[in-house]
Amino acid sequence: DDELFSAVQASVFAAADRAVLNGKCSVTQDESFVGALGEVLLHVTRGAIRDSSGGISGTFAVALDVSERRRLEVIALAHSQLLQMVADDVPLPQFFSALVHTVESMVPGIKAAILLVDNNERCLRVAAAPGLPDVVKAMDGLFMVEGMASCGSAAARKSQVLVEDMLDDPLWAE
């Protein structure tokens, strides 16, 4: 385990193996670790391998990757909570803030914002951007024209504009 996993993760796995070797019939637990593809959540059952006389000669483990199922459960719960906010007639600024927090919590490292079109001024107004305090001031009142950051460009084009890194993207040069 030490070669494949961190010392902490390996010690968790070793403790479960010791419990089985010390006579516990089986151990079932969820184990989370970071692998090459990111965080993985496994539902693991460990049991004893018995020899012909009934003594314990080793352990086995059966693991099921439940990462996607858990991710879908989190999304379903967030969806339900947001719908409840709508049903409870929560004010839009509070709802927008909750929506942005939800998106940010689901995608590590992402920062999100909601901008609304102000047709009278032909610009965008910040409705929620709790993770972007410095950028909020610059985005509020952003004109809807091509080349005016990704937000202004998307509004002008009336289509989605994706930017992976605002610091390196030409739309954010100014």
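The values are calculated or read from the model by the stated rules, or taken from the named source; none is laboratory data. Quick caveat, the model's predicted, so the values are computed rather than measured. Note that we place each Cβ from the backbone using ideal geometry, even for glycine, and neighbour counts take in every protein chain shown. Ligands, DNA and RNA are stripped out before the accessible areas are found, and what is left, the full protein with its side chains, is counted by its heavy atoms. Shrake-Rupley method; radii C 1.70, N 1.55, O 1.52, S 1.80 Å.
Of the residues GLN9, GLN29, the single one that is in a helix (DSSP H, G or I), surrounded by 11 or more Cβ atoms within 10 Å (Cβ to Cβ), at pLDDT below 85 and of a type outside the set (A, V, I, L, M, F, W, C) is GLN9. Against the criterion of being of a type outside the set (Phe, Trp, Tyr), open to solvent by less than 90 Å² (accessible area, probe 1.4 Å), part of a helix (DSSP H, G or I) and in contact with an Asp or Glu (Cβ under 8 Å, 6 or more places away or on another chain), SER97 does not qualify. Looking across region 147-165, the residues that are on the phi > 0 side of the Ramachandran plot and in contact with a Leu (Cβ under 7 Å, 6 or more places away or on another chain) come down to GLY147, ALA149. When region 138-152 is limited to residues that are more than 14 Å from ARG122 (Cβ to Cβ) and among the small types (Gly, Ala, Ser), the one that is most open to solvent (accessible area, probe 1.4 Å) turns out to be ALA138.
Condition check ((1) more than 27 Å from PRO130 (Cβ to Cβ); (2) in contact with a strand residue (DSSP E or B) (Cβ under 7 Å, 6 or more places away or on another chain); (3) in contact (Cβ under 8 Å) with a residue 60 or more places away in the chain) across all residues:
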position	(1), (2), (3)
LEU64	yes, yes, no
GLU68	yes, no, no
PRO91	no, no, no
SER105	no, no, no
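Might you let me know whether region 42-51 holds any residue that is assigned to a loop (DSSP other than H, G, I, E, B) and of a type in the set (A, V, I, L, M)? Looking for residues that are assigned to a loop (DSSP other than H, G, I, E, B) and of a type in the set (A, V, I, L, M), one finds none in region 42-51, hence no.
Filtered by the rule that a residue be open to solvent by 50 Å² or more (accessible area, probe 1.4 Å) and part of a loop (DSSP other than H, G, I, E, B), region 153-174 gives LYS158, SER159, GLN160, LEU162, GLU164, ASP165, MET166, LEU167, ASP168, ALA173, GLU174. Considering only region 115-152, state which residues are touching a strand residue (DSSP E or B) at 6+ places or on another chain (Cβ under 6 Å), within 24 Å of THR102 (Cα to Cα) and assigned to a loop (DSSP other than H, G, I, E, B). The answer is ASP140, and nothing else. In region 36-55, the residues that are under 12 Å from SER26 (Cβ atoms) and open to solvent by less than 70 Å² (accessible area, probe 1.4 Å) reach residues that are of a type outside the set (Phe, Trp, Tyr) and outside any strand (DSSP E or B) with C-beta atoms within less than 6 angstrom, at least six apart or across chains, in these pairs: ARG46/ALA16; ARG46/VAL20; ALA48/VAL20. For region 116-137, the count of residues that are touching a Lys or Arg at 6+ places or on another chain (Cβ under 6 Å), open to solvent by less than 90 Å² (accessible area, probe 1.4 Å) and at pLDDT below 90 is at least one. Do we find that ASP165 is within 28 Å of the chain's Cα centre (by Cα), more than 22 Å from GLN94 (Cα to Cα) and at pLDDT below 85 in this structure? In short, yes.
Scanning region 65-88 for residues that are closer than 11 Å to VAL40 by Cα and either open to solvent by less than 100 Å² (accessible area, probe 1.4 Å) or modelled with pLDDT of 95 or more (or both) turns up ASP65, VAL66, SER67, GLU68, ARG70.
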